[in-house]
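Novice: Here it is, the structure in full.
The values are calculated or read from the model by the stated rules, or taken from the named source; none is laboratory data. Fair warning: this is a prediction, and the values are worked out from it, not measured in the lab. No Cβ is skipped: glycine too gets one built from the backbone with ideal geometry, and neighbour counts run over all protein chains shown.
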Amino acid sequence: MSDHDTTETAPRTLEQLRAAVSAIEDGSAEAPGGPTPAEVRRPPAAGASKPPAGESPRIPPPDPKATDEDADPYAVARAVVLRLLTGAPKSRSELEKALRRKGCPDDVAAEVLDRYEEVGLVDDEAYAQTFVRSKQAGRGLARRALSHELRKKGVDEELARSVLDEIDPEDERARAHELVEKKLRSMHGLDRAVQTRRLAGMLARKGYGPEVARLVINEALDARPEHQRD
């Protein structure tokens, strides 16, 4: 997530937190300490800072002191979810596990998360799309590795498959080429067999299939002067 500042003020007490959550649920445009559903989707005003593409809107963090033992369990659950969403996007499964660790009853967790799905603050499809773009750009992961990562995050298998089906095979192959070219910069002086083995291992760890790896590696090595025939 970006570290850019938010212009809104975080709730400082449980009562303020309740007011913020109530405003979100009522669709009020004057939600204290947090965005309403309309604000989540509203484009920024002219001159306002805009979050990077694919990044979820920042949600001001609730005061951790608001989650005391005597609080309404629904208010506690809401506070936990809002606080977690301020740090980084989360899947519904990750939020459920966090609430369970906090001792939140399953029925309360389900009701709170259902409501936050309705207002768009919890959205596994958007989460999966953002996660895939991030891991493709940052680590060059291919479909197989991305599928494994999404499964670990608790994203529904059918939903994950739908998001991964949007990946263009040509884009994935181009990314494999970039990874191979970058790796080859540190492999001068090694013979072709060693280079091939190490490159294949690197691509396999990132989820590329053996056929794609073979084609990309051969193309890259054939183009290097030291491997060209006289």
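Novice: Name the residues in the stretch 82-94 that are in a helix (DSSP H, G or I), at pLDDT below 95 and not basic (Lys, Arg), would you?
Specialist: Of the residues in the stretch 82-94, the ones in a helix (DSSP H, G or I) are 82-87, 92-94.
Those left that are additionally at pLDDT below 95: 82-87.
Passing the criteria: Leu82, Leu84, Leu85, Thr86, Gly87.
Novice: Looking at Ala174, Ala160 in this structure, which one is outside the structural domain of Leu141 (by TED's automatic domain parsing), under 25 Å from Arg133 (Cα atoms) and surrounded by 11 or more Cβ atoms within 10 Å (Cβ to Cβ)?
Specialist: When all the criteria are applied, what remains is Ala174.
Novice: Now, a different point. Could you list, ordered by first residue, the pairs with Cβ atoms under 7 Å in which the first is in the stretch 115-131 and farther than 25 Å from Ile167 by Cα and the second is loosely packed, with under 15 Cβ neighbours inside 10 Å, at least 6 apart or interchain?
Specialist: none
Novice: What are the residues in the stretch 69-80 that are within 12 Å of Glu111 (Cα to Cα) and either modelled with pLDDT of 95 or more or not aromatic (Phe, Trp, Tyr) (or both), if any?
Specialist: First, pick out the residues of the stretch 69-80 that are within 12 Å of Glu111 (Cα to Cα): 73-75, 77-78.
Residues satisfying the conditions are Pro73, Ala75, Ala77, Arg78.
Novice: Please verify whether Asp156 is free of Cβ contacts under 8 Å to residues at least 60 places away in the same chain and within 19 Å of Leu95 (Cβ to Cβ), treating the condition exactly as stated.
Specialist: Numbers: free of Cβ contacts under 8 Å to residues at least 60 places away in the same chain: yes; within 19 Å of Leu95 (Cβ to Cβ): yes.
Yes.
Novice: List every residue pair whose Cβ atoms sit under 7 Å apart, with the two residues 6 or more apart in sequence or on different chains, where the first one lies in the stretch 185-212 and is in contact (Cβ under 8 Å) with a residue 24 or more places away in the chain and closer than 17 Å to His148 by Cα and the second, anywhere, is assigned to a loop (DSSP other than H, G, I, E, B) and not charged (D, E, K, R).
Specialist: Correct list of pairs: Lys206/Gly140; Lys206/Leu141; Lys206/Ala142; Gly207/Leu141; Gly207/Ala142; Tyr208/Ala142.
Novice: I've got another one for you. So for the stretch 174-195 (the condition being outside any helix (DSSP H, G or I) and charged (D, E, K, R)), does at least one residue qualify?
Specialist: The first filter runs over the stretch 174-195 and keeps only residues outside any helix (DSSP H, G or I), leaving 185-191.
Next cut, charged (D, E, K, R) only: 185, 191.
Yes, that holds for at least one residue.
Novice: May I ask you to verify whether Lys97 is at pLDDT below 95 and either more than 21 Å from the chain's Cα centre (by Cα) or not small (Gly, Ala, Ser) (or both)? If you could, list the steps in order and put the result at the bottom.
Specialist: On the way: at pLDDT below 95: no; either more than 21 Å from the chain's Cα centre (by Cα) or not small (Gly, Ala, Ser) (or both): yes.
No, not satisfied.
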